[in-house]
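The values are calculated or read from the model by the stated rules, or taken from the named source; none is laboratory data. These figures come from a predicted structure and were not determined experimentally. Methodologically, a virtual Cβ is constructed for each residue, glycine included, from the backbone with ideal geometry; neighbour enumeration extends over all protein chains shown. Calculation scope for accessible area: heavy atoms of the full protein, side chains included, ligands and nucleic acids excluded. Shrake-Rupley method; radii C 1.70, N 1.55, O 1.52, S 1.80 Å.
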Amino acid sequence: MSSQKFKNEFQDSQNDSDFDLDAYIDEQANAGDHNYEEKFDSHPSTKRNLLALSLILIPALWFFLSDPFSLFADDINTTIAQNGNTIVIDRPQPIVRTITIPAPPSPPTFNSERFNFNFNTGVNELGISYTDYLAQLKEYGYLDDFGGSASTRLYQNNVPVEYIDQFGKAGILNDFGSTSISRLFQNQVPFEYINQIAEADLLNDFGSTSIVRLYQNQIPFEYIESFKKAGILDDFGSTSISRLYQNHVPQEYVSELASGGYLDNFGSTSIVRFYQNQVPASFLKTLDEKGLLSEMSSESVVTAYKLEGQ
């Protein structure tokens, strides 16, 4: 209601003797409220639209302002405590990993010195080069007997061509290869010892390793030959013959045991034990006749012999 209208009505009321001021004020107040409610209620959708829009805009605005990755955000958040103080909150900074990419390898450089080959013209203990050694083998006529690896082995083991030539002149070069000749030379076996064995036709019984063992144990050729003549060499190798000789067992004692057929039961170690305990071959015969020998060891035979003699 306009002020002029209110003034006019108020003046008219003053002229009326029955005018109630309080009732008039209440009427005007109620009329104002009613007009406001009618005006607001005439547009109900506007209130709802404003409410819905506020529900969308407020969270969106907060997201853009509070998101650490937002364009509108800074590195510091602030909030107001209940007592009115401002609290500053530092935002955690994202971890940025730095990846170091290695530099590409540099291209290899060409080193010409790697291809400066030095020809080895050194000599071994023989005092000659390898090519000179081959020339000597050819001169003596033995180059065809030894291939590349065989001649290399002889040269590396410092076997003189003159040592090889002794095998060739004796006609026994075909019985020995480069390994056997090197072994005999390295163990300083004189060719004369080898040739004795060869002349006695014993090379089929002893190879280079056996010949070296017999020589190192200082077994006389005559002792070896006596086994050959007695026909018992096939029953013993170089180790057994060396054991018998070193224990001073005569070939005749061994032959006596062999004639009784006892070598099938006892080897060189047992024979040494019998000889050292002076057990005669006749006692072995007695045990054999009683049917006991085949069940006894050499130690049992020695014990029985000692008890029998008491």
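Of everything in segment 286-303, what is among the hydroxyl-bearing types (Ser, Thr, Tyr) and exposed (fewer than 14 other Cβ atoms within 10 Å of the Cβ)? Give them in sequence order. Residues satisfying the conditions are 294, 297, 300, 303. Take the conditions (1) open to solvent by 20 Å² or more (accessible area, probe 1.4 Å); (2) in contact with a Lys or Arg (Cβ under 8 Å, 6 or more places away or on another chain); (3) farther than 19 Å from residue 235 by Cβ; residue 186 misses just one of them, which is (2).
Conditions (1) open to solvent by 60 Å² or more (accessible area, probe 1.4 Å); (2) assigned to a loop (DSSP other than H, G, I, E, B); (3) without any contact (Cβ under 8 Å) to a residue 60 or more places away in the chain; (4) among the acidic types (Asp, Glu), marked per residue:
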residue	(1), (2), (3), (4)
195	no, no, yes, no
202	no, yes, yes, no
213	yes, no, yes, no
219	no, yes, yes, no
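Out of curiosity, is residue 234 more than 29 Å from residue 125 (Cβ to Cβ) and in a loop (DSSP other than H, G, I, E, B)? Taking the combined requirement at face value, the residue does not satisfy it. All conditions but one from (1) in contact with a Phe, Trp or Tyr (Cβ under 7 Å, 6 or more places away or on another chain); (2) open to solvent by 60 Å² or more (accessible area, probe 1.4 Å) apply to residue 149; the one that does not is (1).
Considering only segment 231-245, I want to know if a residue exists there that is farther than 30 Å from residue 166 by Cβ and touching an Asp or Glu at 6+ places or on another chain (Cβ under 6 Å). Within segment 231-245, not a single residue is farther than 30 Å from residue 166 by Cβ and touching an Asp or Glu at 6+ places or on another chain (Cβ under 6 Å).
Quick one: in segment 172-183, of everything that is among the β-branched types (Val, Ile, Thr) and in a helix (DSSP H, G or I), which residue is surrounded by the fewest Cβ atoms within 10 Å (Cβ to Cβ)?
Only one residue tops the list, namely 179.
Counting only residues that are surrounded by 14 or more Cβ atoms within 10 Å (Cβ to Cβ) and outside any loop (DSSP other than H, G, I, E, B), how many does segment 257-285 have? Total satisfying the criteria: 13. Inside segment 189-227, residues that are over 20 Å from residue 255 (Cβ atoms) and among the aliphatic types (A, V, I, L, M) make up a count of 7. Out of 229, 169, one residue alone is loosely packed, with under 14 Cβ neighbours inside 10 Å, without any contact (Cβ under 8 Å) to a residue 24 or more places away in the chain and farther than 29 Å from residue 155 by Cβ. It is 229.
Is there any pair with a first residue in segment 247-262 that is under 13 Å from residue 280 (Cα atoms) and among the small types (Gly, Ala, Ser) and a second that is open to solvent by 30 Å² or more (accessible area, probe 1.4 Å) and part of a helix (DSSP H, G or I) whose Cβ atoms are under 9 Å apart and which are 6 or more apart or on different chains, and what are they? So the pair list comes out as 255/230; 258/230; 258/235; 260/282; 260/285; 260/288.
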